[in-house]
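A.B. asks: To start, I am sharing the structure in question, which I have written as structure tokens.
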Amino acid sequence: MTKDTSIAHAGSLYIRYRGFTMLIVGICGSPKKEHSNTRSLLEKALKAVPNGQTMLLNIADYNIQHCTGCDSCVRKKPCPQSAEDDMPKIEKILVDADAIIIAAPSYFTSVPGVLKDFIDRSRAMKMNNHQLKDKVFGAITYAGLRYGGQEHVVDVLNRYALGQGMIVVGSVGSPVKHGTFGSGSLQTDTGSWRSSEEDELAVKGCELLGQRVADVAFRLRSIGE
């Protein structure tokens, strides 16, 4: 069962997958706290993970201040903003994760500001000995229009993951039907409107991505055991 949680409950959400204990974290980058199509697709991906127990973080539920460009992290000093906001809570969860899936809606063909603040502030994790390196990563996006910037949003997310040293993967469904990442739109091919739940290809793509992320994380974990 996919759950919202906080750092206090992180320990109960580790999953047993083929004999290994893993943690799969999904980050919803939508500023919406409810009725989010982006979150709905992320939930589909997380529910497709074997055993179904995962951790979902709504970035809008956290107080994340802007990066000020002070470069304290470059000098190996604590980020001054972290004393005032929730970034340390998020960092603790992500350090413990085996895999991370970020879902972001397309806002003018890029990620929303609340998610960009997280991306910028996570620079400190890179400066602190690449704390996210080797974690498996998958991307999901959603837009209002059928061609509403989804490809660019996924590119932003994947480049972010590569910059953090993560291992970017895509789904491996039907090569003539399913895409390589989770993507959908409110607009149909005929110009009418729907919810993400009604976008069958988007739902299936996200499920395949969730399964692929878990499978690769397991393979990497088994090598190290």
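The values are calculated or read from the model by the stated rules, or taken from the named source; none is laboratory data. Model, not experiment: these values are computed from the prediction. Cβ: placed from backbone, ideal geometry, glycine included. Neighbour counts: every protein chain shown.
A.B. asks: Among the residues of the stretch 74-85, are any assigned to a helix (DSSP H, G or I), in contact with an Asp or Glu (Cβ under 9 Å, 6 or more places away or on another chain), within 25 Å of LYS32 (Cβ to Cβ) and modelled with pLDDT of 95 or more? Give the derivation first.
C.D. replies: First, the residues of the stretch 74-85 that are assigned to a helix (DSSP H, G or I): 80-83.
Then drop every residue that is not in contact with an Asp or Glu (Cβ under 9 Å, 6 or more places away or on another chain), which leaves 82.
If we keep only those that are within 25 Å of LYS32 (Cβ to Cβ) too, we end up with none.
No.
A.B. asks: Are any of the residues in the stretch 58-69 part of a helix (DSSP H, G or I) and in contact with an Asp or Glu (Cβ under 7 Å, 6 or more places away or on another chain)?
C.D. replies: Restricting attention to the stretch 58-69, the residues satisfying the condition of being part of a helix (DSSP H, G or I) are 59-61.
From what is left, the residues that are in contact with an Asp or Glu (Cβ under 7 Å, 6 or more places away or on another chain) are none.
Looking for residues that are part of a helix (DSSP H, G or I) and in contact with an Asp or Glu (Cβ under 7 Å, 6 or more places away or on another chain), one finds none in the stretch 58-69, hence no.
A.B. asks: Right, next: Tell me which residues, restricted to the stretch 127-151, are in contact with a helix residue (DSSP H, G or I) (Cβ under 6 Å, 6 or more places away or on another chain) and either assigned to a strand (DSSP E or B) or closer than 16 Å to LEU115 by Cα (or both). Can you show your working first?
C.D. replies: Step one: list which residues in the stretch 127-151 are in contact with a helix residue (DSSP H, G or I) (Cβ under 6 Å, 6 or more places away or on another chain), which gives 131-132, 136-143.
Of everything in the stretch 127-151, those that are in contact with a helix residue (DSSP H, G or I) (Cβ under 6 Å, 6 or more places away or on another chain) and either assigned to a strand (DSSP E or B) or closer than 16 Å to LEU115 by Cα (or both) turn out to be VAL136, PHE137, GLY138, ALA139, ILE140, THR141, TYR142, ALA143.
A.B. asks: Within the stretch 202-213, is even one residue of a type in the set (D, E, K, R) and touching a helix residue (DSSP H, G or I) at 6+ places or on another chain (Cβ under 6 Å)?
C.D. replies: First, pick out the residues of the stretch 202-213 that are of a type in the set (D, E, K, R): 204, 207, 212.
If we keep only those that are touching a helix residue (DSSP H, G or I) at 6+ places or on another chain (Cβ under 6 Å) as well, we get 207.
Checked the stretch 202-213: at least one residue is of a type in the set (D, E, K, R) and touching a helix residue (DSSP H, G or I) at 6+ places or on another chain (Cβ under 6 Å).
A.B. asks: Now for a different question. Within the stretch 173-201, how many residues are surrounded by 11 or more Cβ atoms within 10 Å (Cβ to Cβ), assigned to a loop (DSSP other than H, G, I, E, B) and not β-branched (Val, Ile, Thr)?
C.D. replies: Residues meeting the conditions: 8.
A.B. asks: Also: Which ones in the stretch 165-223 are of a type in the set (Ser, Thr, Tyr) and either touching a residue at least 12 places away in the same chain (Cβ under 8 Å) or touching a Pro at 6+ places or on another chain (Cβ under 6 Å) (or both)? Break it down stepwise before answering.
C.D. replies: At the first step, the residues of the stretch 165-223 found to be of a type in the set (Ser, Thr, Tyr) are 171, 174, 180, 183, 185, 188, 190, 192, 195-196, 222.
SER171, SER183, SER185, THR188, SER195, SER196, SER222, listed by residue number.
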